[in-house]
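Each remark here refers to the structure printed beneath this line.
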Amino acid sequence: MSPSSHTNCLLTINGGSSSQKVALFRIGEGLVRIMAGAVTGIGESGGRTRGQSTKGETLWDQDVCCVDHPDALNVILREMARHVDLGDVGAVGHRVVHGGPDFIKPQRLTASVEARLHALAPLAPLHMPANLDGIIAARQRFPKAVHYACFDTSFHASMPAVAQETGLPPGMRDDSIRRYGFHGLSYAFIVEDIEVRAGAAAAHQRLLVAHLGAGASMAGIHHGQTVDTSMGFSTLAGLPMATRSGDIDPGLLLYLSLNKDWRPSEIENQLYHNAGLLGLSGLSGDVQTLLAAKDNPQARQALEQFAYQARKQAGALITAMGGVDRIIFTGGIGENAPAIRSAICQPLSDLLRIDFDADANARGASLISKPGSAVIVETVHTDEALMIARAGRAILDTKSTQQSRRAS
(Lines give C-alpha, C1' and ligand atoms only; values in the text may rest on other atoms or scores of the structure.)
Protein backbone atom coordinates (compact mmCIF):
# COMPACT_ATOMS: atom_id res chain seq x y z
CA MET A 1 0.00 0.00 0.00
CA SER A 2 1.56 3.29 -1.08
CA PRO A 3 1.41 6.57 0.84
CA SER A 4 -0.69 8.04 -1.95
CA SER A 5 -3.55 5.74 -0.94
CA HIS A 6 -3.65 7.58 2.37
CA THR A 7 -2.88 11.10 1.28
CA ASN A 8 -2.16 13.08 -1.85
CA CYS A 9 -0.46 16.09 -0.28
CA LEU A 10 1.91 16.85 2.55
CA LEU A 11 2.24 20.25 4.22
CA THR A 12 5.38 21.45 6.00
CA ILE A 13 5.31 24.23 8.59
CA ASN A 14 8.48 26.05 9.62
CA GLY A 15 7.91 28.62 12.34
CA GLY A 16 10.67 31.06 13.22
CA SER A 17 10.65 33.62 15.99
CA SER A 18 8.80 36.19 13.82
CA SER A 19 8.06 34.25 10.64
CA GLN A 20 5.98 31.36 9.41
CA LYS A 21 6.89 29.37 6.29
CA VAL A 22 4.66 26.76 4.71
CA ALA A 23 5.31 24.46 1.74
CA LEU A 24 2.93 22.06 0.00
CA PHE A 25 4.16 18.83 -1.60
CA ARG A 26 2.33 16.28 -3.71
CA ILE A 27 3.20 12.68 -2.91
CA GLY A 28 3.59 10.18 -5.71
CA GLU A 29 6.63 8.16 -6.65
CA GLY A 30 8.56 11.10 -5.23
CA LEU A 31 7.90 14.46 -3.60
CA VAL A 32 6.84 17.32 -5.86
CA ARG A 33 6.69 20.82 -4.39
CA ILE A 34 3.50 22.56 -5.49
CA MET A 35 3.80 25.93 -3.80
CA ALA A 36 5.22 27.71 -0.80
CA GLY A 37 4.11 30.68 1.26
CA ALA A 38 5.45 32.75 4.11
CA VAL A 39 4.57 35.50 6.53
CA THR A 40 7.32 37.72 7.92
CA GLY A 41 7.09 40.37 10.61
CA ILE A 42 4.70 38.48 12.87
CA GLY A 43 3.72 40.67 15.80
CA GLU A 44 4.85 43.80 13.95
CA SER A 45 2.88 46.42 12.04
CA GLY A 46 4.96 45.95 8.88
CA GLY A 47 4.33 42.27 8.19
CA ARG A 48 4.18 40.77 4.72
CA THR A 49 2.96 37.56 3.13
CA ARG A 50 4.27 36.09 -0.12
CA GLY A 51 3.58 32.93 -2.07
CA GLN A 52 5.29 31.23 -4.99
CA SER A 53 4.54 28.35 -7.31
CA THR A 54 7.09 25.59 -7.82
CA LYS A 55 8.22 27.45 -10.97
CA GLY A 56 8.96 30.58 -8.97
CA GLU A 57 5.89 32.49 -10.12
CA THR A 58 4.50 34.96 -7.55
CA LEU A 59 1.06 33.81 -6.43
CA TRP A 60 0.51 36.54 -3.87
CA ASP A 61 2.51 39.36 -2.31
CA GLN A 62 0.83 41.76 0.09
CA ASP A 63 1.13 43.61 3.37
CA VAL A 64 -0.40 41.85 6.34
CA CYS A 65 -0.62 42.29 10.10
CA CYS A 66 -0.50 39.00 12.03
CA VAL A 67 -0.56 39.06 15.80
CA ASP A 68 0.81 35.53 16.24
CA HIS A 69 1.84 32.35 14.41
CA PRO A 70 -1.63 30.74 14.24
CA ASP A 71 -2.88 33.97 12.66
CA ALA A 72 -0.02 33.85 10.15
CA LEU A 73 -0.72 30.19 9.35
CA ASN A 74 -4.37 31.01 8.66
CA VAL A 75 -3.33 33.82 6.30
CA ILE A 76 -1.03 31.52 4.30
CA LEU A 77 -3.54 28.68 4.13
CA ARG A 78 -6.28 31.06 3.01
CA GLU A 79 -4.11 32.24 0.14
CA MET A 80 -3.03 28.71 -0.75
CA ALA A 81 -6.66 27.57 -0.85
CA ARG A 82 -7.26 30.04 -3.68
CA HIS A 83 -4.91 27.98 -5.85
CA VAL A 84 -5.18 24.36 -4.69
CA ASP A 85 -7.54 22.03 -2.82
CA LEU A 86 -6.15 21.67 0.69
CA GLY A 87 -8.60 18.87 1.39
CA ASP A 88 -5.95 16.52 -0.02
CA VAL A 89 -3.54 17.28 2.85
CA GLY A 90 -3.09 14.05 4.77
CA ALA A 91 0.18 14.77 6.59
CA VAL A 92 1.59 17.89 8.25
CA GLY A 93 5.23 18.17 9.22
CA HIS A 94 6.35 20.70 11.81
CA ARG A 95 9.83 22.06 12.35
CA VAL A 96 10.34 22.09 16.11
CA VAL A 97 13.47 23.89 17.27
CA HIS A 98 14.20 21.84 20.39
CA GLY A 99 13.92 18.09 20.84
CA GLY A 100 15.66 17.96 24.20
CA PRO A 101 17.77 14.92 25.08
CA ASP A 102 15.22 12.34 23.91
CA PHE A 103 13.83 13.33 20.51
CA ILE A 104 16.69 12.64 18.11
CA LYS A 105 14.64 11.63 15.05
CA PRO A 106 11.31 12.70 13.50
CA GLN A 107 8.39 11.87 15.75
CA ARG A 108 4.66 11.44 15.22
CA LEU A 109 2.86 13.94 17.40
CA THR A 110 0.68 12.42 20.09
CA ALA A 111 -0.73 13.93 23.26
CA SER A 112 2.16 12.53 25.30
CA VAL A 113 4.79 13.77 22.84
CA GLU A 114 3.26 17.25 22.77
CA ALA A 115 3.19 17.34 26.56
CA ARG A 116 6.92 16.60 26.61
CA LEU A 117 7.54 19.31 24.04
CA HIS A 118 5.67 21.84 26.19
CA ALA A 119 8.01 20.92 29.04
CA LEU A 120 10.96 21.76 26.77
CA ALA A 121 9.68 25.28 26.00
CA PRO A 122 11.98 26.98 28.57
CA LEU A 123 15.00 25.61 26.68
CA ALA A 124 14.11 27.70 23.60
CA PRO A 125 11.73 30.46 24.77
CA LEU A 126 11.98 32.47 21.54
CA HIS A 127 10.92 29.58 19.29
CA MET A 128 9.13 26.77 21.12
CA PRO A 129 5.93 28.67 21.97
CA ALA A 130 5.55 29.59 18.28
CA ASN A 131 6.25 26.00 17.21
CA LEU A 132 3.71 24.61 19.66
CA ASP A 133 1.07 27.20 18.74
CA GLY A 134 1.59 26.21 15.11
CA ILE A 135 0.98 22.56 15.94
CA ILE A 136 -2.28 23.37 17.70
CA ALA A 137 -3.49 25.62 14.87
CA ALA A 138 -2.57 23.07 12.19
CA ARG A 139 -4.27 20.23 14.04
CA GLN A 140 -7.46 22.29 14.20
CA ARG A 141 -7.23 22.99 10.45
CA PHE A 142 -6.29 19.40 9.49
CA PRO A 143 -7.74 17.18 12.24
CA LYS A 144 -7.55 13.94 10.22
CA ALA A 145 -3.98 14.40 9.00
CA VAL A 146 -0.90 12.67 10.39
CA HIS A 147 1.06 15.32 12.31
CA TYR A 148 4.75 14.86 13.02
CA ALA A 149 7.71 16.89 14.22
CA CYS A 150 11.27 17.26 12.93
CA PHE A 151 13.76 18.66 15.41
CA ASP A 152 16.53 21.18 14.77
CA THR A 153 18.64 19.60 17.50
CA SER A 154 18.51 16.07 16.05
CA PHE A 155 21.37 16.39 13.57
CA HIS A 156 23.80 17.26 16.36
CA ALA A 157 22.77 14.39 18.67
CA SER A 158 25.86 12.36 17.73
CA MET A 159 28.22 15.24 18.53
CA PRO A 160 31.17 14.01 20.63
CA ALA A 161 30.70 14.09 24.39
CA VAL A 162 33.50 16.64 24.78
CA ALA A 163 31.54 19.03 22.57
CA GLN A 164 28.29 18.45 24.46
CA GLU A 165 29.70 19.27 27.89
CA THR A 166 28.86 22.62 29.50
CA GLY A 167 31.51 22.82 32.21
CA LEU A 168 28.93 23.02 35.00
CA PRO A 169 29.52 20.98 38.17
CA PRO A 170 27.44 17.81 38.68
CA GLY A 171 25.13 19.42 41.20
CA MET A 172 23.94 21.95 38.59
CA ARG A 173 23.36 19.44 35.78
CA ASP A 174 20.52 17.16 34.80
CA ASP A 175 19.76 15.20 31.64
CA SER A 176 18.47 18.28 29.82
CA ILE A 177 21.56 20.44 30.41
CA ARG A 178 24.08 20.01 27.61
CA ARG A 179 25.21 21.73 24.43
CA TYR A 180 22.68 20.81 21.72
CA GLY A 181 23.27 22.87 18.59
CA PHE A 182 20.53 24.03 16.22
CA HIS A 183 19.72 24.57 12.53
CA GLY A 184 20.05 20.81 12.17
CA LEU A 185 17.54 20.48 9.32
CA SER A 186 19.60 22.92 7.27
CA TYR A 187 22.88 21.13 8.04
CA ALA A 188 21.34 17.76 7.19
CA PHE A 189 20.25 19.12 3.81
CA ILE A 190 23.71 20.50 3.10
CA VAL A 191 25.34 17.11 3.73
CA GLU A 192 22.83 15.30 1.51
CA ASP A 193 23.16 17.97 -1.18
CA ILE A 194 26.94 17.65 -1.29
CA GLU A 195 26.68 13.89 -1.74
CA VAL A 196 24.30 14.38 -4.68
CA ARG A 197 26.40 17.12 -6.29
CA ALA A 198 29.93 15.96 -5.58
CA GLY A 199 29.74 12.33 -4.46
CA ALA A 200 30.03 10.37 -1.24
CA ALA A 201 33.70 11.23 -0.74
CA ALA A 202 32.89 14.97 -0.69
CA ALA A 203 30.15 14.39 1.89
CA HIS A 204 32.79 12.84 4.16
CA GLN A 205 35.11 15.82 3.89
CA ARG A 206 35.75 18.32 6.67
CA LEU A 207 32.99 20.87 6.12
CA LEU A 208 32.60 24.27 7.69
CA VAL A 209 28.96 25.21 7.15
CA ALA A 210 27.78 28.73 7.93
CA HIS A 211 23.99 28.99 8.27
CA LEU A 212 23.70 32.76 8.43
CA GLY A 213 20.31 34.40 8.77
CA ALA A 214 18.33 36.27 11.42
CA GLY A 215 19.38 33.31 13.51
CA ALA A 216 22.97 32.37 12.72
CA SER A 217 25.20 29.45 13.52
CA MET A 218 28.19 27.57 12.14
CA ALA A 219 29.02 23.89 12.33
CA GLY A 220 32.09 21.77 11.76
CA ILE A 221 30.97 18.55 10.08
CA HIS A 222 33.21 15.54 9.30
CA HIS A 223 32.07 12.23 7.83
CA GLY A 224 28.56 13.71 7.71
CA GLN A 225 28.36 14.25 11.48
CA THR A 226 28.76 17.27 13.71
CA VAL A 227 32.14 17.69 15.36
CA ASP A 228 31.06 20.93 17.06
CA THR A 229 28.80 23.90 16.45
CA SER A 230 28.67 27.53 17.53
CA MET A 231 25.28 27.33 19.23
CA GLY A 232 25.09 25.36 22.44
CA PHE A 233 22.47 24.90 25.15
CA SER A 234 20.41 27.75 23.73
CA THR A 235 19.86 29.61 20.48
CA LEU A 236 21.59 32.61 22.05
CA ALA A 237 25.11 31.25 21.79
CA GLY A 238 27.78 31.83 19.16
CA LEU A 239 27.50 34.61 16.60
CA PRO A 240 25.68 37.89 17.19
CA MET A 241 22.38 37.59 15.31
CA ALA A 242 19.59 39.92 14.20
CA THR A 243 18.38 40.57 17.75
CA ARG A 244 20.17 37.87 19.76
CA SER A 245 23.43 38.56 21.56
CA GLY A 246 25.65 35.65 20.68
CA ASP A 247 28.34 34.62 23.14
CA ILE A 248 28.54 36.64 26.35
CA ASP A 249 30.85 36.13 29.32
CA PRO A 250 28.61 34.54 32.01
CA GLY A 251 30.36 36.73 34.55
CA LEU A 252 28.90 39.77 32.80
CA LEU A 253 25.38 38.41 33.24
CA LEU A 254 26.07 37.75 36.92
CA TYR A 255 27.37 41.30 37.27
CA LEU A 256 24.23 42.74 35.66
CA SER A 257 22.04 40.68 37.95
CA LEU A 258 23.91 41.07 41.22
CA ASN A 259 25.32 44.58 40.89
CA LYS A 260 23.04 46.39 38.45
CA ASP A 261 19.74 44.91 39.68
CA TRP A 262 18.69 43.52 36.30
CA ARG A 263 16.00 40.89 36.81
CA PRO A 264 16.45 37.55 34.96
CA SER A 265 13.32 38.20 32.89
CA GLU A 266 14.67 41.60 31.83
CA ILE A 267 18.04 40.12 30.88
CA GLU A 268 16.32 37.38 28.89
CA ASN A 269 14.25 39.91 26.98
CA GLN A 270 17.28 42.03 26.15
CA LEU A 271 19.43 39.08 25.04
CA TYR A 272 16.77 37.64 22.74
CA HIS A 273 15.05 40.76 21.38
CA ASN A 274 17.27 43.84 21.65
CA ALA A 275 20.86 42.67 21.32
CA GLY A 276 22.92 41.40 18.36
CA LEU A 277 23.02 43.50 15.20
CA LEU A 278 20.06 45.58 16.36
CA GLY A 279 21.75 46.43 19.64
CA LEU A 280 25.17 47.04 18.06
CA SER A 281 23.86 49.29 15.30
CA GLY A 282 20.97 50.96 17.08
CA LEU A 283 19.34 50.87 13.66
CA SER A 284 18.23 47.41 12.56
CA GLY A 285 18.90 43.72 12.91
CA ASP A 286 18.56 43.22 9.14
CA VAL A 287 21.89 42.83 7.35
CA GLN A 288 20.64 44.25 4.04
CA THR A 289 19.41 47.37 5.84
CA LEU A 290 22.78 47.77 7.55
CA LEU A 291 24.68 47.21 4.29
CA ALA A 292 22.59 49.95 2.67
CA ALA A 293 23.38 52.38 5.52
CA LYS A 294 26.91 53.03 4.23
CA ASP A 295 27.28 56.38 5.97
CA ASN A 296 26.24 55.07 9.38
CA PRO A 297 29.35 54.22 11.44
CA GLN A 298 27.40 52.11 13.93
CA ALA A 299 25.95 50.03 11.09
CA ARG A 300 29.46 49.43 9.74
CA GLN A 301 30.70 48.50 13.19
CA ALA A 302 27.87 46.02 13.70
CA LEU A 303 28.66 44.27 10.42
CA GLU A 304 32.38 44.23 11.23
CA GLN A 305 31.59 42.66 14.59
CA PHE A 306 29.43 40.02 12.90
CA ALA A 307 32.18 39.09 10.43
CA TYR A 308 34.83 39.14 13.13
CA GLN A 309 32.88 36.78 15.37
CA ALA A 310 32.16 34.53 12.37
CA ARG A 311 35.89 34.28 11.61
CA LYS A 312 36.57 33.56 15.26
CA GLN A 313 33.97 30.77 15.36
CA ALA A 314 35.25 29.42 12.06
CA GLY A 315 38.77 29.17 13.44
CA ALA A 316 37.60 27.26 16.49
CA LEU A 317 35.49 24.83 14.48
CA ILE A 318 38.24 24.23 11.92
CA THR A 319 40.66 23.51 14.75
CA ALA A 320 38.18 21.05 16.27
CA MET A 321 38.05 19.20 12.92
CA GLY A 322 41.82 19.34 12.41
CA GLY A 323 41.44 21.27 9.17
CA VAL A 324 38.86 22.11 6.52
CA ASP A 325 38.23 21.00 2.94
CA ARG A 326 35.09 22.92 2.05
CA ILE A 327 33.33 26.06 3.35
CA ILE A 328 29.62 26.41 2.59
CA PHE A 329 27.50 29.51 3.12
CA THR A 330 23.74 29.15 3.39
CA GLY A 331 20.74 30.93 4.94
CA GLY A 332 19.38 34.34 4.02
CA ILE A 333 22.63 36.20 4.75
CA GLY A 334 24.96 33.41 3.68
CA GLU A 335 23.25 33.10 0.29
CA ASN A 336 22.50 36.76 -0.44
CA ALA A 337 25.17 38.97 1.14
CA PRO A 338 28.42 38.85 -0.87
CA ALA A 339 29.99 41.55 1.31
CA ILE A 340 29.55 39.40 4.42
CA ARG A 341 31.00 36.31 2.71
CA SER A 342 33.99 38.37 1.60
CA ALA A 343 34.51 39.87 5.06
CA ILE A 344 34.62 36.38 6.53
CA CYS A 345 36.73 34.64 3.87
CA GLN A 346 39.25 37.23 2.70
CA PRO A 347 41.08 37.61 6.06
CA LEU A 348 41.28 33.80 6.29
CA SER A 349 42.69 33.33 2.80
CA ASP A 350 46.37 33.11 3.74
CA LEU A 351 45.77 31.00 6.83
CA LEU A 352 43.53 28.46 5.08
CA ARG A 353 45.04 28.75 1.59
CA ILE A 354 41.73 29.90 0.13
CA ASP A 355 42.00 31.30 -3.40
CA PHE A 356 38.88 33.42 -3.05
CA ASP A 357 37.15 34.50 -6.27
CA ALA A 358 35.94 38.03 -5.52
CA ASP A 359 34.25 38.44 -8.91
CA ALA A 360 32.30 35.17 -8.62
CA ASN A 361 31.31 36.14 -5.09
CA ALA A 362 30.09 39.59 -6.16
CA ARG A 363 27.86 38.17 -8.90
CA GLY A 364 26.38 35.53 -6.58
CA ALA A 365 27.91 32.44 -8.15
CA SER A 366 27.57 29.13 -6.34
CA LEU A 367 31.34 28.47 -6.47
CA ILE A 368 33.27 31.40 -5.02
CA SER A 369 36.76 29.92 -4.84
CA LYS A 370 39.07 29.65 -7.84
CA PRO A 371 40.14 26.35 -9.42
CA GLY A 372 43.03 24.86 -7.47
CA SER A 373 42.05 26.50 -4.19
CA ALA A 374 43.09 24.30 -1.25
CA VAL A 375 39.67 24.93 0.28
CA ILE A 376 36.51 24.98 -1.84
CA VAL A 377 34.12 27.81 -0.94
CA GLU A 378 30.48 27.63 -2.04
CA THR A 379 27.04 29.07 -1.51
CA VAL A 380 24.13 26.61 -1.33
CA HIS A 381 20.41 27.29 -1.04
CA THR A 382 19.25 25.20 1.90
CA ASP A 383 15.86 23.47 1.88
CA GLU A 384 14.52 22.69 5.34
CA ALA A 385 11.02 22.11 3.95
CA LEU A 386 12.27 19.28 1.75
CA MET A 387 13.96 17.62 4.73
CA ILE A 388 10.69 17.81 6.69
CA ALA A 389 8.77 16.41 3.72
CA ARG A 390 11.19 13.52 3.30
CA ALA A 391 10.78 12.62 6.96
CA GLY A 392 7.00 12.68 6.51
CA ARG A 393 7.23 10.40 3.50
CA ALA A 394 9.20 7.91 5.59
CA ILE A 395 6.63 8.09 8.42
CA LEU A 396 3.80 7.48 5.96
CA ASP A 397 5.70 4.56 4.42
CA THR A 398 6.08 3.01 7.88
CA LYS A 399 2.41 3.55 8.65
CA SER A 400 1.39 1.94 5.35
CA THR A 401 3.62 -1.07 5.97
CA GLN A 402 2.18 -1.57 9.45
CA GLN A 403 -1.39 -1.35 8.14
CA SER A 404 -0.60 -3.85 5.36
CA ARG A 405 0.79 -6.32 7.87
CA ARG A 406 -2.30 -6.01 10.07
CA ALA A 407 -4.57 -6.44 7.06
CA SER A 408 -2.78 -9.62 5.98
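Assorted remarks:
- Residue in the stretch 8-22 that is surrounded by fewer than 16 Cβ atoms within 10 Å (Cβ to Cβ) and of a type in the set (Gly, Ala, Ser) present: no
- Scope the stretch 170-197; condition hydroxyl-bearing (Ser, Thr, Tyr) and either over 13 Å from residue 97 (Cα atoms) or open to solvent by 50 Å² or more (accessible area, probe 1.4 Å) (or both); matching residues: 176, 187
- Exactly one residue out of 392, 331, 322 is more than 30 Å from residue 30 (Cβ to Cβ) and either touching a residue at least 60 places away in the same chain (Cβ under 8 Å) or not polar (S, T, N, Q) (or both): that is 322.
- Residue check, residue 143 free of Cβ contacts under 8 Å to residues at least 12 places away in the same chain and surrounded by 12 or more Cβ atoms within 10 Å (Cβ to Cβ): no
- Residues in the stretch 27-56 that are among the charged types (D, E, K, R) and touching a residue at least 24 places away in the same chain (Cβ under 8 Å) were compared, and the one that is least open to solvent (accessible area, probe 1.4 Å) is 33.
Here's the yes/no breakdown for (1) more than 22 Å from residue 120 (Cβ to Cβ); (2) among the aliphatic types (A, V, I, L, M); (3) surrounded by fewer than 24 Cβ atoms within 10 Å (Cβ to Cβ):
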{"site": "205", "(1), (2), (3)": "yes, no, yes"}
{"site": "209", "(1), (2), (3)": "yes, yes, no"}
{"site": "213", "(1), (2), (3)": "yes, no, yes"}
{"site": "223", "(1), (2), (3)": "yes, no, yes"}
{"site": "236", "(1), (2), (3)": "no, yes, yes"}
{"site": "241", "(1), (2), (3)": "no, yes, no"}
{"site": "245", "(1), (2), (3)": "no, no, yes"}
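- Test: residue in the stretch 309-319 that is surrounded by 14 or more Cβ atoms within 10 Å (Cβ to Cβ) and in contact with a Pro (Cβ under 8 Å, 6 or more places away or on another chain): yes
- No other residue among 315, 322, 364, 372 is modelled with pLDDT of 95 or more and touching a Leu at 6+ places or on another chain (Cβ under 9 Å) apart from 315.
- Strands (runs of 3 or more DSSP E) lying entirely in the stretch 184-239 (those with 1 or more residues that are of a type in the set (D, E, K, R)): 206-212, 225-229
- Taking the criterion of being open to solvent by 80 Å² or more (accessible area, probe 1.4 Å) and closer than 19 Å to residue 385 by Cα, the residues of the stretch 57-73 that qualify are 57, 58.
- Residues of the stretch 77-116 satisfying the condition of being of a type in the set (Val, Ile, Thr) and closer than 20 Å to residue 383 by Cα: 92, 96, 97, 104
- Options 130, 137: the member that is touching a residue at least 12 places away in the same chain (Cβ under 8 Å), in contact with a His (Cβ under 6 Å, 6 or more places away or on another chain), within 21 Å of residue 110 (Cβ to Cβ) and not in a loop (DSSP other than H, G, I, E, B): 130
- On the stretch given as the stretch 92-107, residues that are in contact with a Cys (Cβ under 9 Å, 6 or more places away or on another chain) and either over 27 Å from residue 235 (Cβ atoms) or open to solvent by 10 Å² or more (accessible area, probe 1.4 Å) (or both) total 4.
- Filter result (assigned to a loop (DSSP other than H, G, I, E, B) and of a type in the set (A, V, I, L, M, F, W, C)) within the stretch 165-183: 168, 177, 182
- All told, residue 277 falls short of being open to solvent by 20 Å² or more (accessible area, probe 1.4 Å) and within 25 Å of residue 382 (Cβ to Cβ).
- Among all residues of the stretch 341-358, there is none that is modelled with pLDDT of 95 or more, under 25 Å from residue 383 (Cα atoms), assigned to a helix (DSSP H, G or I) and open to solvent by 50 Å² or more (accessible area, probe 1.4 Å).
- Checked against the criterion of being over 18 Å from residue 245 (Cα atoms) and charged (D, E, K, R), the stretch 282-290 has no qualifying residue.
- Residue match in the stretch 362-371 (condition: open to solvent by 20 Å² or more (accessible area, probe 1.4 Å), among the hydroxyl-bearing types (Ser, Thr, Tyr) and out of contact with any strand residue (DSSP E or B) (no Cβ under 7 Å at 6 or more places or on another chain)): no
- Qualifying residue in the stretch 150-165 (condition: touching a strand residue (DSSP E or B) at 6+ places or on another chain (Cβ under 7 Å), buried (at least 16 other Cβ atoms within 10 Å of the Cβ) and over 30 Å from residue 398 (Cα atoms)): yes
- Selected residue [modelled with pLDDT under 95, out of contact with any His (no Cβ under 7 Å at 6 or more places or on another chain) and of a type in the set (Ser, Thr, Tyr)] from 230, 154, 176, 158: 176
The values are calculated or read from the model by the stated rules, or taken from the named source; none is laboratory data. Everything numeric here is computed off the predicted structure, so don't read it as measured data. Note that each Cβ is placed from the backbone with ideal geometry, even for glycine, and that neighbours are counted across all protein chains shown. Quick note on the areas: whole protein, heavy atoms, side chains included, nothing else; ligands and nucleic acids left out. Shrake-Rupley method; radii C 1.70, N 1.55, O 1.52, S 1.80 Å.
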